[in-house]
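What follows draws every value from the coordinates through simple rules; no lab data is involved. Here the structure is a predicted model, which is why all the values come from computation and not from measurement. Here Cβ is always computed from backbone atoms with ideal geometry, including for glycine, and neighbour counts include all displayed protein chains.
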């Protein structure tokens with residue numbers, strides 16, 4: 001075989017491998033619901049939701065745990081308040097308390113507060129950009145003139161990626177600070193909807209999700225980078241659920257593509 005023939009053969013092999021790779025990615029995407037159910041286990045109950053044992057997985061909703069008060073009619077509500085996101089359960093994460101210095105701990109606590117504000121702002125943005133204008137967004141609870149709901153969210157988990165911790169100098173080779181962290185790029189929240197008129201909780205929900213594990217994450221040098229993509233997805237899902245018709249399913253997007261590149 002001459003050099004030109006060998007070059008054509010090698011090129012054909014590379015193209016075949018690429019086609020197989022993309023075919024595999026497509027298969028992953030079409031089976032995303034099953035894949036998430038198998039790979040991403042629900043987070044343990046953190047305590048933000050009372051009576052978490054009454055929550056169940058619903059096939060028509062993308063979240064792992066859901067409870068809706070019997071007889072609750074979401075269509076009766078026209079206004080929505082998005083409360084500041086609770087972070088007290090995030091501050092109880094084990095890896096957070098393994099950080100080697102008070103300065104690092106303070107930096108991470110500040111990051112957590114910034115993430116809570118980001119999550120809230122993305123939810124508000126998603127509802128404001130909703131072309132259906134399902135809810136009138138209110139800044140303060142006492143502004144409501146029509147039946148209103150209050151969306152209350154709590155971040156309960158964000159797993160940092162180990163490469164980011166290494167790059168930031170947080171991990172000591174051979175052990176040390178947060179060395180037990182599993183590089184899974186997960187985040188989890190708990191949430192509840194409250195009737196503004198009665199103060200009654202009419203629905204609760206919780207979810208844990210995972211972000212893409214592509215090498216692009218290795219360049220972000222922030223332990224929380226993947227979490228923002230997960231929060232963006234949740235914000236979009238809140239709007240989809242608010243707009244869904246009776247019997248309509250809201251499915252989860254691909255949580256990750258398992259890309260090797």
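Ordering of 108-119, 52-63 by packing is 108-119, 52-63, highest average first (other Cβ atoms within 10 Å, averaged per residue).
The stretch between residue 98 and residue 60, if pulled fully straight at 0.36 nm per residue, gains 9.7 nm over its current Cα-Cα span. Label sites at residue 251 and residue 200, each approximated as a point 7 angstrom past Cα along Cα to Cβ, lie 3.5 nm apart. Projecting label points 7 angstrom from Cα along Cα→Cβ for residue 110 and residue 75 puts them 5.0 nm apart. Per the Cα gyration tensor, segment 69-116 maps to an equivalent ellipsoid with semi-axes of 37, 13, 5 Å, ordered largest to smallest.
Note on residue 132/residue 88: beta-carbon distance plugged into 1/(1 + (r/R0)^6) with R0 of 45 Å gives a FRET efficiency of 0.85.
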